[in-house]
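The structure appears right after this line, and notes come after that.
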Amino acid sequence: MQPIIQTKNLCKSFGDAPVLSDVNLDIFAGEIFGVIGRSGAGKSTLARCFNLLERPTSGEIFFGGTELTSLKPAELYKARQSMGMIFQQFNLLMQRNVLDNVCFPLEIAGVKRADARKRAAELLDVVGLADKAKAYPAKLSGGQKQRVAIARAIAPNPKVLLCDEATSALDPETTDEILELLADINKRFGITIVIITHEMRVIETLCTRVAVISGNKLTVEEVARNG
Amino acid sequence: MDEFLREFAPMLAEGLLDTLYMTLFSTFLAYVLGLPVGVLLVVTDKDGLKPHAALNRVLGIVVNILRSIPFLILLIAVIPFTRFVVGTTIGSSATVVPLVIAAAPFIARLVESSLKEIDRGAIEAATAMGASPWQIVYKVLLPEARPSLILGAAISVTTILSYSAMAGIVGGGGLGDIAIRYGYYRYRTNVMLVTVAILVIVVQIFQEVGAKAAKWGDKRL
Ligand SMILES: Nc1ncnc2c1ncn2[C@@H]1O[C@H](COP(=O)(O)OP(=O)(O)OP(=O)(O)O)[C@@H](O)[C@H]1O
Ligand SMILES: [Mg+2]
């Protein structure tokens, strides 16, 4: 089976400091893949290489068989539209209401306004925020903001959803709700999910496999499941 | 008092209209030039969406040079250029030329600082969603900076207004011209005082309206 995300000899350093060296990783379609490691281990750097927010120093990154580092800018923008991403700080647009935030990636992709709004409303339903469509992000709780961010990330029907410490700013109950939502999205839409976290608990609740980053190196393990 | 009003009210009204025309028209033209330059300064910055060190430096230097020329000197220095563009060097339309040249770089810096306040996370999220740098400029940077840009516009209008009054020295038209002709050359102090009072009130109004508009449109509040 061809991996949906694959890195070959991926190296990344900032100046002289190596963060990732020689990472070879396969992530398969439909799985929930975890990445764990200490603070500063390079988890975010790895995730940001997957959509080329960070350019690797050397090595290759394949997304659905396409090598990303050699793409022209316009092709890269197109490829990124098939990869959603959510963040610890939510990163919503504060001057747009919830519905228009979810419409954003659809506008980027050139979807017609009426269709975009229809799709966005459907997704707000999926994340349980249909009643907040007209609210502005400043008026939402952390958990609600992350739900909006999730709706926004999956609006263009991406193949992959990258989650960088998506629950680290949330309390334990809200974290569980968000993890449940992610599991649901994975099942319902078949979106591959990559979870970056420093909490083993998050990995244990969701992931089938996990990459452990330590000392610039990465080892992939199966996650033991009890129950 | 009645006497005074009968004598000067029509002239003051005309002066006020001239001042408003100069100020608003200059502000508009200065934004046409300054806004894109401000955006370019942010976009070509080393942490920007499309870093371009050479272009960034050139723009920065041009802006700094124009900003460091005192307005009175600029006013006189651009006279040949003004004559070429407008056909005359006195009156309100002639004053628009130096006002635009003085205000555009100032506005470029205001726009630059407004856009730099935008949270990097929002820009990063848009990048991750596949937005092009141009899409990020007009769908993220400018809309997210709207309240700050409106405040900047209020500052610009009031600054340009006070500069336009200075142009009275060289027969620039408007209230500043009246203040200098009557107050300075003819010792009609009361005319000058009334003129200054009108200027103060106009500045207050622009500033208040700008601040209200910025606050009213800010969805973070
Ligand atoms: N833009 C950058 N410039 C320089 N160094 C950087 C940059 N981004 C990250 N680093 C460094 O790379 C290392 C890995 O950072 P990264 O953010 O990937 O860690 P992380 O595992 O995500 O940590 P955390 O759990 O704190 O988020 C750190 O030592 C960090 O200081
Ligand atoms: Mg991190």
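The values are calculated or read from the model by the stated rules, or taken from the named source; none is laboratory data. Treat the numbers as computed from the prediction; the structure is a model and nothing was measured. Cβ: placed from backbone, ideal geometry, glycine included. Neighbour counts: every protein chain shown. Just so you know, the surface numbers come from the protein's heavy atoms only, side chains and all, with ligands and any DNA or RNA stripped out. Shrake-Rupley method; radii C 1.70, N 1.55, O 1.52, S 1.80 Å.
Farthest towards the positive end of the charge dipole of region A:18-112, among the residues A:L52, A:N24, A:G64, is the Cα of A:L52, using unit charges on the Cβ of Lys, Arg, Asp and Glu.
Order of A:118-128, B:158-168 by packing, highest average Cβ count within 10 Å first? Walk me through the intermediate numbers first.
Values: A:118-128: 17.8, B:158-168: 22.8.
Result, highest mean first: B:158-168, A:118-128.
Expressed to the nearest 5 percent, the antiparallel share of DSSP beta bridges inside chain A is 50 percent.
With a ≥ b ≥ c the root eigenvalues of the C-alpha gyration tensor of the protein assembly as shown, is it rounded (a/c under 1.5), prolate (a/b larger than b/c) or oblate?
prolate
Assuming R0 = 56 Å, what is the FRET efficiency of B:K46 and A:A135, from their Cβ-Cβ distance, to the nearest 0.05? Computed FRET efficiency for B:K46 and A:A135 comes out at 0.90.
Mean per-residue shielding of peptide A:61-70 is 0, counting Cβ atoms of other chains within 10 Å of each Cβ. When peptides B:39-50, A:140-151 are ranked by their average number of other Cβ atoms within 10 Å per residue, the highest-first order is A:140-151, B:39-50.
Look at the dipole of chain A built from charges on Cβ: of A:V223, A:A149, A:F33, the Cα furthest out on the positive end belongs to A:A149.
Working ranking of peptides A:19-32, B:126-139, B:207-220 by packing, defined as the average number of other Cβ atoms within 10 Å per residue, highest first, is B:126-139, A:19-32, B:207-220. Think of it as helices only: each DSSP H run of n ≥ 4 in chain A is worth -39500 (n - 2.57), and spread over all residues that comes to -10500 deg cm²/dmol at 222 nm.
Look at the Cα gyration tensor of region A:62-132: its axes a ≥ b ≥ c give a/c of at least 1.5 with a/b over b/c, and that counts as prolate.
Solvent-accessible area per residue for region B:2-217 at a 1.4 Å probe radius, Å²? The partial results should precede the final answer.
Working: 10860 Å² over 216 residues.
So region B:2-217 comes to 50 Å² accessible per residue, rounded to a whole number.
Counting Cβ atoms of other protein chains within 10 Å of each Cβ in A:79-92 and taking the mean gives 4. Take every Cα pair under 8 Å whose residues are at least 6 apart in sequence, average their separation, divide by the length of region B:1-135, and the relative contact order is 33 percent. Remark: spin-label model distance B:L33-B:I65 equals 1.3 nm, labels positioned 7 Å along the Cα→Cβ axis. Placing +1 on the Cβ of every Lys and Arg and -1 on the Cβ of every Asp and Glu, with nothing else charged, gives region A:75-227 a dipole about its Cα centre of roughly 720 debye.
Placing +1 on the Cβ of every Lys and Arg and -1 on the Cβ of every Asp and Glu, with no other charges, gives the protein assembly as shown a dipole of roughly 700 debye about its Cα centre. The magnitude of the dipole of region B:2-217, with charges of +1 and -1 set on the Cβ of Lys/Arg and Asp/Glu and taken from the Cα centre, is near 400 debye.
Chains B and A together bury some 2100 Å² of accessible area, summed over both sides, with a 1.4 Å probe.
Between the residues B:G48, A:N186, A:A135, the greatest Cα displacement towards the positive end of the dipole of the protein assembly as shown, with unit charges on the Cβ of Lys, Arg, Asp and Glu, is found for B:G48.
Shown for region A:1-66: the carbon plus sulfur share of the solvent-accessible area, taken with all protein chains present and a 1.4 angstrom probe, equals 48%. Could you check how much of the accessible area of region B:2-217 is carbon and sulfur, as a whole percent, using a 1.4 Å probe? Carbon with sulfur: 70 percent of the solvent-accessible area.
Rounded to the nearest 500 deg cm²/dmol, what is the calculated helix-only ellipticity per residue at 222 nm for chain B, with -39500 (n - 2.57) per DSSP H run of length n ≥ 4? Write down the numbers at each step before the final one.
On the way: 10 runs with 165 residues, N = 221.
The per-residue figure over chain B is -25000 deg cm²/dmol.
Note on A:93-105: average number of Cβ atoms from other chains within 10 Å of each residue's Cβ is 4. The relative contact order of chain A, computed from alpha carbon pairs under 8 Å that lie at least 6 residues apart in sequence, is 28 percent.
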